[in-house]
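Accompanying notes for the structure given below.
The values are calculated or read from the model by the stated rules, or taken from the named source; none is laboratory data. The structure displayed is predicted, hence computed values, not measured ones. Because the Cβ atoms are built from the backbone with ideal geometry, glycine has one as well, and the counts that use them run over all protein chains shown.
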Amino acid sequence: MEALRFGNAQVAFMSAWPAQLAVQMAGAEVALAEVREVMHGQEKVEAPYYFSYWVVPKESPYQDLASLRGKKVCFPSPISTSGYVAPIGRLVELGYIPGETGKEADPKAFFSEVLFGGGYAQCWQALKQGQVDVTVIAGDVSEKLYREVLEGTRILEQQGPVPSHAVVVSKALQEPLRTQVIEAIEGLGAPEYRDLMRGFISAIFVRFQRTSAQEHLATLQRYLKLAGLKFTERLG
């Protein structure tokens, strides 16, 4: 983001939250969204977005999020869009934790214990071992892990759509070079470059598609506002 801001880079590949920060603080523009192979419910689809899900063990007595007040939760990371930002925003949206202007929503206002596992697989292990009562799984994890989790759990709630990675361009990148660069990057979505891009961008890359910050990042912006989260506060 700083490279875009100070003119040291004209194009960047970013996940959704840094892309939003680049738009907000560097005046950059989102030009392309990554279309990926993701899971929507039980179905594998190609899309520039996905969802994340609150899950409990199949034998769990809890039937909805409301019944989990005072229980234990595992989030994969405090800077995960699908694993923390969107779930916290959803809790605020549902009225389970307060959302106050200028303050970060605190999951401890609802849960008795909040664990950050370091990843979705780690949180799944914590749930299986009974260390927590609920966790979150996202549709962009490996299909093997995703299906394993869903086979052993029940979904109580979902949030999304969560935006995929984006190609962000500096406002200083002028025409005709701007269009030429975007078209060249779009061309990397051709089948012959699939293996290359899956090593460079993500293991579930399919192609790029044209978009804008308003279109691609709208739900992220909403969840960030609901949760009162600011990326810069988490860098210190």
| Out of all the residues in the range 73-96, is one or more farther than 20 Å from L226 by Cβ and in the same structural domain as Y146 (by TED's automatic domain parsing)? | yes
| Residues within the range 121-157 that are more than 21 Å from E46 (Cα to Cα), part of a helix (DSSP H, G or I) and out of contact with any strand residue (DSSP E or B) (no Cβ under 7 Å at 6 or more places or on another chain), tallied | 5
| said: When you scan the range 49-59, do you find a residue that is in a loop (DSSP other than H, G, I, E, B) and either more than 30 Å from I204 (Cα to Cα) or over 23 Å from the mean Cα position of the chain (by Cα) (or both), even just one? | reply: yes
| Which condition number in (1) within 26 Å of L220 (Cα to Cα); (2) of a type in the set (S, T, N, Q); (3) modelled with pLDDT of 95 or more is the one that S202 fails? | (3)
| request: Run down Y84, Y62 and say which single residue is crowded, with 18+ Cβ neighbours inside 10 Å and among the aromatic types (F, W, Y). | output: Y84
| task | Pick out the one residue from L217, L229, L177 that is free of Cβ contacts under 8 Å to residues at least 24 places away in the same chain, out of contact with any Lys or Arg (no Cβ under 8 Å at 6 or more places or on another chain) and of a type in the set (A, V, I, L, M, F, W, C). | result | L177
| message | Quick test for you: out of G83, G118, pick the one residue that is free of Cβ contacts under 8 Å to residues at least 60 places away in the same chain, under 30 Å from F205 (Cβ atoms), part of a helix (DSSP H, G or I) and out of contact with any Leu (no Cβ under 6 Å at 6 or more places or on another chain). | response | G83
| request: Taking G99 as meeting all but one of (1) modelled with pLDDT of 95 or more; (2) part of a loop (DSSP other than H, G, I, E, B), write down the number of the exception. | output: (1)
| field | Criterion: more than 23 Å from Q20 (Cα to Cα), crowded, with 21+ Cβ neighbours inside 10 Å and not hydroxyl-bearing (S, T, Y) - qualifying residue of L145, L127, L115 | value | L127
